[in-house]
1. Order these by the 10 Å Cβ neighbour count, fewest first: 111, 2, 94.
2. If each DSSP helix of 4+ residues adds -39,500 (n - 2.57) and the sum is divided by the residues in the chain, what number results at 222 nm, nearest 500 deg cm²/dmol?
3. Over 31 Å between C-alpha atoms is what I'm after, so list which of 199/271; 9/69; 69/178; 122/163; 101/163; 9/62 land there.
4. Can you tell me the length gained on complete extension of the stretch residue 178 to residue 48, counting 0.36 nm per residue apart and subtracting the Cα distance?
5. I want the antiparallel fraction of DSSP beta bridges within the chain, as a percent rounded to 5.
6. If the only charges are +1 at each Lys and Arg Cβ and -1 at each Asp and Glu Cβ, what is the size of the charge dipole of the chain around the Cα centre, to the nearest 20 debye?
7. Full extension from residue 252 to residue 196: what is 0.36 nm times the residue separation minus their Cα-Cα distance, to one decimal in nm?
8. What is the calculated FRET efficiency for residue 38 to residue 120, with r their C-beta to C-beta distance and R₀ = 35 Å, to the nearest 0.05?
Amino acid sequence: MTQMKQYQKAASYILARTDSNPKIGLILGSGLGVLTEEIQGAVKIPFEHIPFFAKPTAEGHKGELVIGKLGGVDVVALSGRYHYYEGLSLQQVTFPVRVMKLLGVERLILTNACGAVNETFKPGELMLIIDHLNLVSSNPLIGKNQDDFGPRFPDATEIYTKKLRDIATEEAQHLNLKIQQGVYAWWSGPSYETPAEIKMIRRLGADAVGMSTVPEALVASHAGMEVLGISCLTNMASGILPQKLSHQEVLDVALQVREKFSLLVKNIVKKI
Ligand code: HPA
């Protein structure tokens, strides 16, 4: 079966279960999945029920696709995402993005938890992604180009569109919420970075580092979607503070920030 047929089968399966026509997609990272609980008239489909979605791995977060209205706006949201470090291919990691495109999604909001590389940032702050560094020697678009989605050599000068960033900045101001701006570096994980790697990553021009988002942004942008990326800085990156990094710390801080992060995303959805 062609790849296109697989995306179409997944999209048909989802469309058969809902009447909504979402133009906005959300991929919600660590800690922010709860936003889907605010989706009204929600149709929830576990990832493993959707044809050709990767089977959840032991390492993966529980995932479901939720369609309904968020603040009165039709959305399709992924609560949980696939990560490269789970041992999946980048095609599997980004499969849901192309399915969203077939559902009619034009704008994609990506959220994540990440480490702060910029020493002026603080844990608990949010960061608008202005650009990214792909530090994983791969790209989800490697392989035969899917011409129905986009060109072989897609432009990457403005993946995180200024239009959506301006709206996000304005909504953060309305909420009196400080939001940093910066470059997100994608690290495969699952090991956190070493202090030497963080020094390198800072010199390369990154402000934050994390294990997701870039694959989905590349595939979405290739398919002509506008992308907005917002990170929750859950910790100072390795070696900045005299302490070790732990997943528990990441989850704890994501939980503390969850309420303001959810409100911001909800307000942005109403404006874009
Ligand atoms: N590094 C990579 N990924 C992360 C981090 C980090 O410091 N914090 C949360 N996700």
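Any read-out appearing in this document is the output of simple, stated calculations on the displayed coordinates, not a laboratory observation. None of the values given here were measured: they were computed from a predicted structure. Neighbour counts are summed over all protein chains in view; Cβ atoms, including those assigned to glycine, are modelled from backbone coordinates with ideal geometry.
1. Fewest-to-most Cβ neighbours within 10 Å comes out as 2, 94, 111.
2. Numbers: 6 runs with 83 residues, N = 272.
After summing the helix terms and dividing by the residues of the chain, the value is -10000 deg cm²/dmol.
3. 199/271
4. Full extension of this stretch gives 43.0 nm more.
5. For the chain, the DSSP antiparallel bridge percentage is about 35.
6. I would put it at about 320 debye.
7. The residue 252-residue 196 span can extend by a further 17.6 nm.
8. The computed FRET efficiency comes out at 0.60.
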